[in-house]
1. Is it the case that the range 64-79 has a residue that's without any contact (Cβ under 8 Å) to a residue 60 or more places away in the chain, among the small types (G, A, S) and more than 22 Å from M224 (Cα to Cα)?
2. From (1) farther than 20 Å from D227 by Cβ; (2) in contact (Cβ under 8 Å) with a residue 40 or more places away in the chain; (3) more than 16 Å from the ligand (Cβ to nearest atom), pick out the condition that doesn't hold for G113.
3. Among the residues of the range 116-144, write down those that are out of contact with any Asp or Glu (no Cβ under 9 Å at 6 or more places or on another chain) and in contact (Cβ under 8 Å) with a residue 60 or more places away in the chain.
4. Before we move on, is P191 in contact with a His (Cβ under 7 Å, 6 or more places away or on another chain) and in contact (Cβ under 8 Å) with a residue 12 or more places away in the chain?
5. Does the range 223-246 contain any residue that is among the polar types (S, T, N, Q), more than 16 Å from the ligand (Cβ to nearest atom) and in contact (Cβ under 8 Å) with a residue 12 or more places away in the chain?
6. Considering only the range 133-156, I want to know if a residue exists there that is assigned to a loop (DSSP other than H, G, I, E, B), charged (D, E, K, R), more than 25 Å from T52 (Cβ to Cβ) and within 16 Å of the ligand (Cβ to nearest atom).
7. Please find, within the range 178-194, the residue that is nearest to L58 (Cα to Cα) out of those that are buried (at least 23 other Cβ atoms within 10 Å of the Cβ) and within 15 Å of the ligand (Cβ to nearest atom).
8. Restricting to the range 89-102, name every residue that is in contact with a strand residue (DSSP E or B) (Cβ under 6 Å, 6 or more places away or on another chain) and either within 11 Å of the ligand (Cβ to nearest atom) or not in a loop (DSSP other than H, G, I, E, B) (or both).
Amino acid sequence: MMMRVHSIRGNDFKLDGGAMFGHAPKSLWKNWYLPDRFNRIGLASRSLYVRTDEHHLLCDTGIGNYLDAKLAKIYGVDVSEHRLIQNLKAIGVEETRIDFVILSHLHFDHAGGLIVKGSQPLQLHFPNAKYVVGRVHFERAANPHQRDRASFVKGLTDALQESGRLLLVDKETVDGLEKVVSFHYSQGHTPGKLHSLFQGAKEKVFFAGDLAPGVDWVNLPITMGYDRQPETLVDEKKKIFDRAINENWLMFYNHDHRIAASRISIHKNRYEAVQQLNRLADWACD
Ligand SMILES: [Zn+2]
């Protein structure tokens, strides 16, 4: 079975550097990301596009361009165009061809790209796709906690439900995709977060999502202030990385400002991102 993967950049955005690096001191993280005068760091919203003989799959949609002028300014987003959709077009893929959008979770910087700019009630991009969301996570997004409410988009769970194309998952895969992807769930960043492992004959690619948003979070104790249970997340990262090392997975990063994917290795008890790639272009997994 043919399987090719591409990293596709969406709209860049900015978040507070301290919030992105949790309890790590600024004296450390400023060596990795240089903050601007508002202490924000520049982040990518990078999606993974997977093409097989039968399917066009997209993992996450980035922040998109739906934010109003005030929020766009706060998050440093240029909302004049939807870069993910433009960049898919640039490799010959119209949004209408995507048949599955797999959402790791529904935080606005991962699912915002679904939303058609200016629509109210919300209209969704990718009109022919099934939207795959973890069942447990969907519940959280529909009923957020006070602490993470600001990370979700009001009205998005309703729009997904009303699309008639929402597919809630709680198993290892879904009908029709058994040979393409297996699903893994984590709880540390947000309840029921969905991770996709694409399994070609030659290459396995793991969508890390916010388990490790970039190479600097591969170091186990580095977590985000946004993580709901950082200690759980560290334990989950370790388990995933041990498998990644044993099975030589390619780890895919959605927020890293430079790096799209890497292998994982361990050196003197410290996990490291090695063989770093700044993009995946028609990368053969078959
Ligand atoms: Zn998140």
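FYI, it's all coordinate maths here, none of it is from the lab. None of the values given here were measured: they were computed from a predicted structure. A quick note on method: Cβ atoms are made from the backbone with ideal geometry, for glycine too, and the neighbour counts reach across all protein chains shown.
1. Yes, the range 64-79 contains at least one residue that is without any contact (Cβ under 8 Å) to a residue 60 or more places away in the chain, among the small types (G, A, S) and more than 22 Å from M224 (Cα to Cα).
2. Only one criterion is unmet by G113, namely (3).
3. Scanning the range 116-144 gives V132, V133.
4. Numbers: in contact with a His (Cβ under 7 Å, 6 or more places away or on another chain): yes; in contact (Cβ under 8 Å) with a residue 12 or more places away in the chain: yes.
Spelling it out, P191 is indeed in contact with a His (Cβ under 7 Å, 6 or more places away or on another chain) and in contact (Cβ under 8 Å) with a residue 12 or more places away in the chain.
5. no
6. Step one: of the range 133-156, the residues assigned to a loop (DSSP other than H, G, I, E, B) are 143-148, 153-155.
Checking the rest, the ones that are also charged (D, E, K, R) come to 147-148, 154.
Next, only the ones that are more than 25 Å from T52 (Cβ to Cβ) stay: 147-148, 154.
Still in the running and within 16 Å of the ligand (Cβ to nearest atom): 147-148.
Yes, that holds for at least one residue.
7. Once the filter is applied, the top-ranked residue is L194.
8. If we filter the range 89-102 for residues that are in contact with a strand residue (DSSP E or B) (Cβ under 6 Å, 6 or more places away or on another chain), which is where we start, we get 97-102.
Across the range 89-102, the qualifying residues are R97, F100, V101, I102.
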